[in-house]
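Single-structure report; data block below.
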Amino acid sequence: MPYVFRSRKPLMRTGIAVSIAVLALVAGTAAGAPNARRAVNPSITSKAWGSAHGQPVRLYTLESGHGMTVRITNYGGVVQSIYVPGRGGHVANVALGFSKLSDYVNDFENQPWPASGGSGDTYFGAIIGRYANRIANGEFTLNGTTYHLPQNNGPNTLHGGPLSYNTKVWTATPQSGKGFVALKLTYTDPDGYNGFPGAVANTVVYKLTPDNALRIHYTATTTKPTVVNFTNHTYFNLAGEGSGNVFAQTLQINSNTFTPVNANLIPTGFEPVAGTPFDFRRAKPIGRDIRRANMREGDQLVIAHGYDHNWVIKGHSLRLAAVAEDPASGRVLRTYSTEPGLQVYTGNFLVGDLVGTSGRTYRQGDAFTLETQHYPDSPHHIGEPGWPSVVLNPGQTFNSTTIFKFGVA
Ligand code: GAL
């Protein structure tokens, strides 16, 4: 263990924290399966986790001190696991992932890009940029110039194009302060990479607090006018990764409106959720309407093989976007965000040889994502009413916060 940061540094000097760390190790908390019993100060530790592109990669363990343990690697900024307690203090890993770095590299970098439909890789837990979600036809026009991007998802550019943020080794700096620990990650996306104009300097801070909240703060600046959209691509299963599908878990979304899509999963406009399977204004099981016929544009749940849509979140600034709950374990996830949209994706393309962290195979429907972001394909709606801007200009700083806060019902 090369270093341990705890939020109350004076304790470190007295050696009491060292004793606590030793006790935690003896109990197996720091090294293996976390448990919910002890309440101590948040901590962050790390270990070597192999290398990618010739650069060393580390795996960081953030503990809330109140039963929540998050592991994050600086490869792609991937949230590798999230252990949280449920009813009776039963801890489960609620984030899909892999046990080894090579599995991430293989999934993120060695999959064939499909000619149409889904994507060849999972993006498990990763930071997505510079443009999360789809840009239709692999091009956009900004200030009169048309930029051509690689098409890695049928005709679309998905998640920044091939080999984007999720495959980079980010510079990582552990941080700690009063009542929190954090991992600061930085990466600069070069001017012209995957066809986008301007070098974009990104900072993503993952912060864990004693209330079992994982706070993600994104900032970005650019050297030329460009388009940006960032998200985190964690797949949640509140019953535990690898435990089966999430259809009995409930979801409530703070939204009256969603963006239906065409056959390429590009939004065609806005529709009220009322009377459709997209109505999550009151909590309902994710699977309740997932096979229900709908919509004149074409059956949305057939096109997307399940939910893979953007909801327009009511309100502005940091507010509650969604609440998910596993009635069986009592685990609850509240998502807060400053972002205008939420892409909910029910793992429709989880197919093939996907053996997860605990050795079980993931299949379609085994998770849901809560991708807080600007609306898909916004670069084709610059300046249109109802479409929050995704343009970032030199001199501006992009700022965005999303909080995943866990509790027990
Ligand atoms: C989601 C996207 C899905 C799929 C997935 C990655 O964000 O909406 O269609 O591409 O990422 O497999």
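Within region 223-241, what residues put their amide N at less than 17 Å from the label point 7 Å along the Cα-to-Cβ vector of THR188? What the label zone holds, given the 17 Å backbone N cut-off, is 223-226.
Binning all Cα-Cα separations of the chain at 20 Å, short to long from zero, yields these whole-percent fractions: 28, 60, 12, 0.
Here the sum of -39500 (n - 2.57) over DSSP H runs of 4 or more residues, divided by the residues of the chain, equals -2000 deg cm²/dmol at 222 nm, to the nearest 500. Here the 3J(HN,Hα) profile of region 49-59, calculated from phi with Karplus coefficients 6.51, -1.76 and 1.60 at θ = phi - 60°, is 9, x, 8, 9, 6, x, 10, x, 10, 10, 10 Hz, Gly and Pro shown as x. With protein chains left intact and a 1.4 Å probe, residues in region 122-207 average 30 Å² of accessible area per residue. Residues in region 99-108 carry Karplus couplings, in order, of 7, 10, 4, 4, 5, 5, 4, 4, 5, 7 Hz; the curve used is 6.51 cos²θ - 1.76 cosθ + 1.60 with θ = phi - 60°, and Gly or Pro positions show x.
What do the square roots of 5 times the Cα gyration tensor eigenvalues come to for region 67-210, in whole Å, largest first, as semi-axes of the equivalent ellipsoid?
Numbers: eigenvalues 195, 74, 31 Å².
Its equivalent ellipsoid spans semi-axes of 31, 19, 12 Å.
For region 39-150, the normalised intensity computed at q = 0.15 Å⁻¹ comes to -0.81 (log10 of I(q)/I(0), Debye sum over alpha carbons, equal scatterers, no solvent).
Note down the magnitude of the dipole of region 248-346 about its Cα centre, charges +1 on Lys and Arg C-beta and -1 on Asp and Glu C-beta and zero elsewhere, to the nearest 20 debye.
320 debye
For region 181-232, the alpha-carbon radius of gyration amounts to 1.35 times the rule-of-thumb value 2.2 N^0.38 Å expected for a compact globular protein.
Among residues other than GLY50 with Cβ under 13 Å from its Cβ, the summed charge is +2 (Lys and Arg +1, Asp and Glu -1).
Spin-label model, ARG291/THR145: points 7 Å from Cα along the beta carbon direction are separated by 5.1 nm. Annotation: amide H-H contacts under 5 Å for ARG363 (H modelled 1.01 Å from N, sequence separation of 5 or more, or interchain): none. Can you list residues whose amide H is under 5 Å from SER81's amide H, if they're 5+ apart or on another chain and H is modeled 1.01 Å from N? Those lying under 5 Å, H to H, from SER81 are ARG71. Kirkwood hydrodynamic radius computed over region 312-370 comes to 13.5 Å, based on all pairs of distinct alpha carbons. The residues of region 298-351 expose on average 30 square angstrom of accessible surface per residue, using a 1.4 Å probe on protein heavy atoms. Remark: region 54-104 carries 26 Å² of accessible area per residue (probe radius 1.4 Å; ligands, DNA and RNA excluded). Rg and Dmax of region 188-276, both derived from C-alpha coordinates alone, stand at 18.3, 47 Å. For the residues GLU271, GLU371, GLU384, a 1.4 Å probe over the protein chains yields an accessible-area ranking, largest first, of GLU384, GLU271, GLU371.
Note on the chain: with a GNM built from Cα contacts shorter than 10 Å, the maximum mean-square fluctuation among LEU265, LEU318, LEU333 falls on LEU318. At the listed q of 0.21 Å⁻¹, the Debye profile of region 236-360, built from one uniform point per Cα, gives log10 I(q)/I(0) equal to -1.30.
Based on the Cβ-Cβ distance of LYS284 and ALA263, what FRET efficiency does E = 1/(1 + (r/R0)^6) give at R0 = 30 Å, to the nearest 0.05?
On the way: r = 27 Å, r/R0 = 0.89.
Calculated value: 0.65.
When only the Cβ of Lys, Arg, Asp and Glu is charged (+1, +1, -1, -1), the dipole of the chain relative to its Cα centre reaches about 1720 debye. Split the accessible area of the chain by element, probe 1.4 Å, and carbon with sulfur accounts for 53%.
The values are calculated or read from the model by the stated rules, or taken from the named source; none is laboratory data. For clarity, every value in this text was computed on a predicted model and none was experimentally measured. Here Cβ is always computed from backbone atoms with ideal geometry, including for glycine, and neighbour counts include all displayed protein chains. With ligands, DNA and RNA removed, areas are computed over all heavy atoms of the protein, side chains included. Shrake-Rupley method; radii C 1.70, N 1.55, O 1.52, S 1.80 Å.
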